[in-house]
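*Asks:* What follows is a single structure, and I will ask about it in a moment.
All of the numbers you see were taken from the coordinates with simple rules; none came from a lab. The structure displayed is predicted, hence computed values, not measured ones. With ideal geometry, Cβ positions are generated from the backbone for all residues, glycine too; neighbour counts draw on all protein chains shown.
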Amino acid sequence: MTGPLAERLRTLLADATAAYAGTPEQETLRAMSRRLDDPLRVAIAGRVKAGKSTLLNALLGERLAATDAGECTRVVTWYTHGVASRAWAHPRGAPPRQLPFDVRDGQTELELGGLRAEDLDRLVVEVPSARLERLVLIDTPGVGSLSAEVSARTTAAMGAAGTAAAAEGAPVADAVLYLMRHLHATDVSFLESFHDSQFAGVTPVNAIGVLSRADEVGAGRADAIDLAGRVAADYRRDPRVRGLVQTVLPVAGLLAQAAAGLRERDYAALSALAGADAVGEALVLSADRFVAPVPDSPVELGVRHELLAAFGLSGVRLSLALIRGGLVADSGALARELRRRSGLDALRGALLTQFTERRDLLKAQAALGAVERVLAARSVPGSDRLRAQVESVLVGAHELTELRLLNDLRTGVVELADPELCEEAEALLGIAGVEVRSRLRLPANAPEEDLRPAAIAALRRWQRRGESPIADAATRRAAGVLRRTCEGLLAATPPSRTSVPARPTVDLR
Amino acid sequence: MPAEHDPVRSAVDALLDDALAEVRAATREDLVSRLTAERDRLAGPTCAVLVIGEFNKGKSSLVNALLNARVCATDADVATAVPTFVRYGDQLLAGTRNGQHPDACPVDPTTVEALVTAGPERGTGTERGTAVAAAVEIALPRALLRDGLVLVDTPGVGGGLHSAHAAATLRALASADAVVFVSDASQELTAAELDLLRRAAQLCPRLVLALTKIDFYPEWRRIRDIDAGHLGRAGLSCEILPLSAPLRHHALRVGDRGLVADSGFPALAAFLRDAVATTARSAAAGAAAAAHSALHQLVSELATEHGALADPDGQRQRLAQWTEAKRRAEELRGAASRWQQTLVDRIGDMSSAVDFDITTRLRTVRRDASGRLATTEPGRGWVELEPWIHQSTNEALADHLRLIKEQADLVTDEVAEQFGVAAWELRVEADVGAVGLNETIVGDETGLAALAATRASILELGIGAMRGGSAGVLVTHAAGLVIGLALPVTLPVAALLAAVLGRFTWRSAKAAQARMLRAEAERAVAGYLDEVEVRARKDSRDAVRRVNQHLRTVFAGHAAELHASTVRNLEVLTRSVRADQKGSQQQLGRTSDELARLRALAARAGALVDELLGEPVGQPR
């Protein structure tokens, strides 16, 4: 992490570490300093069987995490970049141990050996994947498990209020992908538990909701994915959800995974089925029938098993429909279609704009949060000075102020009278992306010359609103921050020859 | 409508008709009205089966597939928001219910889907809050529904965007005759589901787990086995039925029997028919027992006459016995009788227990609510508070209802015992021969005989071995204990609560304003809980009163019958004293024949009752 913000943060952390010398909080602060330069940590959390491990595999493009019909992930597992494929077990209170693993049928399997899940703090898997160069993905056990202890490991790791991690002051992750199949009370209370404390790790800024297993919505309906899109849109509008996550995106992890691993022979088999009419119809009636021994099937039993396992019944039906409808002519086209419909690309885009591009800010937010938490937990000589330092860092970094206002707007701490106003404010603050066009709500291909006028117009609007006599405190605060944001945008957009001047010229002739 | 194919039921119907003919002939008007009432009751039994489960697990699809009709809305993005009652009707009819009117208002069947998914009004103004119905009723011509089955599709429990009203499902469980708990094959049972299952099983032991969507999930067998393990560990022993609604629809469309079997629905239909049959059986047992008791009274009259004719010397002794019996019968009717005393005392106990229970439970809810208000940040945190309050109050009221039922059980059992013992003593005193149903019990086995007498009198109440075989259960059923059960609590003050708590957008986080808002919220919550308490207390007191009235009416009726019997027997005795010698020979012959015939009829009744009760119908007490 570089830049003036980084410098100030490092100084702050160094001062704080010195001030808290001899206390347990010192270790927290030291760890936070080290983390500033680490890649962004994104946790994938959600209820049991929400599809976390499948999504992780889809994001990475290979089947690293084990997935299974029954409950599977039992230990928090980190996936990070390494020069070679290795796996480490970190038992509690003992040094890390390397674990053997092998790859069977494309699926990686870890051998825990004599170690038990309960004794492990976490597992770390190093993979030479380009995708992990800027991100660490953390797969977690599901919450709401019948084995409460398993779920507790996730809540503890994520730093929910009242757990050890919260006491230590640092949740494990910088950002969260929260998966849900449909909004459940457990989901809301899980997410809320990270909101309890003022300096919590999970906010609408660093959390994205994922409506997972989108291909299963409606249990096998042909328009499952469209339906999932509508459900996600509903959730996006719900006030409770808006206060917890930035947006909700529908994703069918299995489809994405299948698309990534699509082979020629899969395509050949699917084509054969598509052409088989009556037999094909009968086969896709149910999962059992698809893998039943049928005398005149164009595709043999073993291959059908593989197809079902890789694509799911929904994926098979979708592929057959695409082939029959003439929408895809070869395996490449099928893979692309499946990938597109799976929603993975949209998710990757959100990950990029929301998390990766904001990496420094999210890290800064996490670090400041840690310091604030420590200051609140224990007072030492020099606390006041440290608080003043925190304040100055905040004031000095406009981007952090933007994040805070964004959080407050979303969670209702600050209310602007008009929802239109709210949307404009959120966009300007960068909820959909830090890039100029996203902030000004212009399309991605908007020409350069449109940027400056839009920025000027926005600046004028917020100046007016802030100076209006009927403006309330909330509006004034928002206007103040947004004016500065617009000024920053103006500074970033070069004036073109045809841009509108700031003041109308008077023709004196 | 009676099940024509059931031979036992037809036998009971025939028995009732015969018994009615006999009592009419004997001009026992009191017995005539009792038996007529029994026959009417038999004609229209209902068996309510609740379909419950978490949000989006396939409940509505299950009901639709079972009935081969689209009566319930099943889209994933619209949730069932009000309960839907489906019963038999000769033609398709739909109606809505809300708390104010007891009858359903008819509506156009095509608008049902909109009503069901719209849901009752919510103060926070979600897009769907526009309907006025608290429940929807549908009548459909389907063979499955013909014998009195009522299917109830409920809103999903456990969260989602409509959690507040879904919580009312819990309270409906108390009056269900059977429950179908729905979970799908996409994953094993979660902690929340198992919790709900346990609660359901406590309120209604006849329960089955339906595992839906097996057509879609290849690993459904593993899930079934894992679920079976979870159930076993939780101490629940219900069956698991794997089902697929799409397969069934398809199978019915193309007429493929193999597919129908694969869909799993035949097994579900069998469970439902079994539930209906058992409910009907207990009703039939009660009717048969009533017939038996009526016939026995006729038998005792004839036996007295016969005895008087055959053995004129024992006249004085018989007169003495029956006079004594009449005295006992008067005592039984009197306010000083033991059973009445017991009733008064136990109802008093029940009243206090019930009052205390509702106070304690709601106090806990209040305390928890205050705690939450105090500790959560205003704004966002409070939006979640409203559904939580609804859930908590509904859970508290559901548990309270269970207490009422348990108490009603206790009261009924004790009173029945007291009455039974007194009635038995009366009969023994009159030396009528066998008492109760078991003809082989001899006089000196007093304990067993008393037990049989108690059982007999319980049966005479029209209560059979139902749902655990406990007497109180059917009393509460018959007494119509409905504490706003199937209809959700839609108090006007709830809207106010929602408005205050839902107003999560507010001006600023300044301390003073926070305090004010907190105070306002506390007032709204307190107001709501007060209203809930007032309603609940009234309902509870009504329930206690109804139990009291019902028991009193029923047992007083029996006491009156017994008294009438003793009076008539005395009349017979006095009459036969005056008969002359020759006439009495002929009379004796006639009486013997009559007696034999009536005894045979009574034996038939007794055998039927034994048969109906001898079937395993729920757990023994």
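*Asks:* Hey, got the average number of other protein chain Cβ atoms within 10 angstrom for residues in B:191-198? Provide the component values of the computation, followed by the final result.
*Replies:* Numbers: counts 9, 6, 2, 1, 0, 0, 0, 0.
Mean inter-chain Cβ contacts per residue within 10 Å come to 2.
*Asks:* Taking neighbour counts of Cβ atoms within 10 Å as a proxy for exposure, in what order, fewest first, do B:92, B:295 appear? Write out the running numbers ahead of the final one.
*Replies:* Values: B:92 13, B:295 26.
Taking fewest neighbouring Cβ atoms as first place, the list is B:92, B:295.
*Asks:* Taking 0.36 nm per intervening residue step and subtracting the Cα-Cα distance, what contour gain separates residue B:537 from residue B:25 on full extension?
*Replies:* Gain on extension, residue B:537 to residue B:25, equals 179.5 nm.
*Asks:* With everything on Cα atoms, drop me the angle between helix A:331-342 and the longest principal axis of chain A, reported from 0 to 90° to the nearest 10.
*Replies:* 50 degrees
*Asks:* Let me ask you something else. What pairs from B:405/B:538; B:326/B:405; A:52/B:57; A:49/B:57; A:52/B:213 go past 25 Å between their alpha carbons?
*Replies:* Violating the 25 Å Cα-Cα cut-off are B:326/B:405.
*Asks:* Looking at chain A, what % of its DSSP beta bridges pair antiparallel, to the nearest 5? The partial results should precede the final answer.
*Replies:* Numbers: 16 of 41 bridges.
Counting DSSP beta bridges with both partners in chain A, the antiparallel share is about 40 percent.
*Asks:* Taking the beta-carbon count within 10 Å as an exposure proxy, list B:220, A:88 from fewest neighbours to most. Mind showing how you got there, number by number?
*Replies:* Working: B:220 24, A:88 16.
Ascending Cβ contact count within 10 Å gives the list A:88, B:220.
*Asks:* I've got another one for you. Determine, for each peptide in A:52-58, A:419-425, the mean count of other beta carbons within 10 angstrom over its residues, then list the peptides with the highest first.
*Replies:* Ranked from most to least packed, the peptides come out as A:52-58, A:419-425.
*Asks:* What average number of partner chain Cβ atoms lie no more than 10 Å from the Cβ of the residues making up B:235-247? Could you put the intermediate results ahead of the total?
*Replies:* On the way: counts 0, 0, 0, 0, 0, 0, 0, 0, 0, 6, 1, 5, 4.
Other-chain Cβ atoms within 10 Å of each residue's Cβ, averaged: 1.
*Asks:* Would you calculate, for chain A, the mean residue ellipticity at 222 nm contributed by helices, counting each DSSP H stretch of 4 or more residues as -39,500 (n - 2.57) and dividing by all residues, to the nearest 500?
*Replies:* Working: 22 runs with 251 residues, N = 509.
Mean residue ellipticity, 222 nm, calculated: -15000 deg cm²/dmol.
*Asks:* I'd like the FRET efficiency for residue A:392 and residue A:356, computed as 1/(1 + (r/R0)^6) with the beta carbon distance as r and R0 of 22 Å, rounded to 0.05. Could the numbers behind the result be given before it?
*Replies:* On the way: r = 28 Å, r/R0 = 1.26.
Result of the calculation: an efficiency of 0.20.
*Asks:* Sorted by mean Cβ packing within 10 Å, highest first, what order do the peptides B:303-312, A:213-222 take? All intermediate terms of the calculation are to be shown ahead of the outcome.
*Replies:* Details: B:303-312: 19.3, A:213-222: 24.1.
Highest to lowest by the protection proxy: A:213-222, B:303-312.
*Asks:* Averaged over peptide A:470-482, how many Cβ atoms belonging to another chain are found within 10 Å of each residue's Cβ?
*Replies:* Numbers: counts 0, 0, 2, 3, 5, 0, 0, 1, 0, 0, 0, 0, 0.
That average works out to 1.
*Asks:* Further question on the same structure: Round to the nearest 0.05 the FRET efficiency obtained for residue A:330 and residue A:88 when R0 = 35 Å and r is the Cβ-Cβ distance. Walk me through the intermediate numbers first.
*Replies:* Working: r = 41 Å, r/R0 = 1.19.
With R0 = 35 Å, the Cβ-Cβ based efficiency is 0.25.
*Asks:* Points 7 angstrom from Cα along the Cβ direction at residue A:226 and residue A:476: gap in nanometres?
*Replies:* Output for this residue pair reads 5.1 nm.
*Asks:* Using a ≥ b ≥ c from the Cα gyration tensor of region B:200-281 (square roots of the eigenvalues), is it rounded, prolate or oblate, where a/c under 1.5 gives rounded and otherwise the larger of a/b and b/c decides, a/b for prolate?
*Replies:* Details: a/c = 3.20, a/b = 1.24, b/c = 2.57.
Here region B:200-281 falls in the oblate category.
*Asks:* What is the fewest-to-most order of B:392, A:468 by other Cβ atoms lying within 10 Å of their Cβ? List each step's numbers first, then the result.
*Replies:* Details: B:392 20, A:468 12.
The order, fewest Cβ neighbours first, is A:468, B:392.
*Asks:* Roughly how many debye, to the nearest 20, is the charge dipole of region A:416-500 about its Cα centre, given +1 on each Lys and Arg Cβ, -1 on each Asp and Glu Cβ, and no other charges? Please list the in-between numbers first.
*Replies:* Numbers: 13 positive and 12 negative charges, 63 e Å.
My answer is approximately 300 debye.
*Asks:* Any idea what angle helix A:419-428 forms with the longest principal axis of chain A, computed on alpha-carbon atoms, 0 to 90 degrees, nearest 10?
*Replies:* Tilt relative to chain A: about 90 degrees.
*Asks:* For the residue pair residue B:516 and residue B:236, what label-to-label distance in nm results when each label sits 7 Å from Cα along the Cα-to-beta-carbon direction?
*Replies:* That separation, rounded to one decimal, is 4.9 nm.
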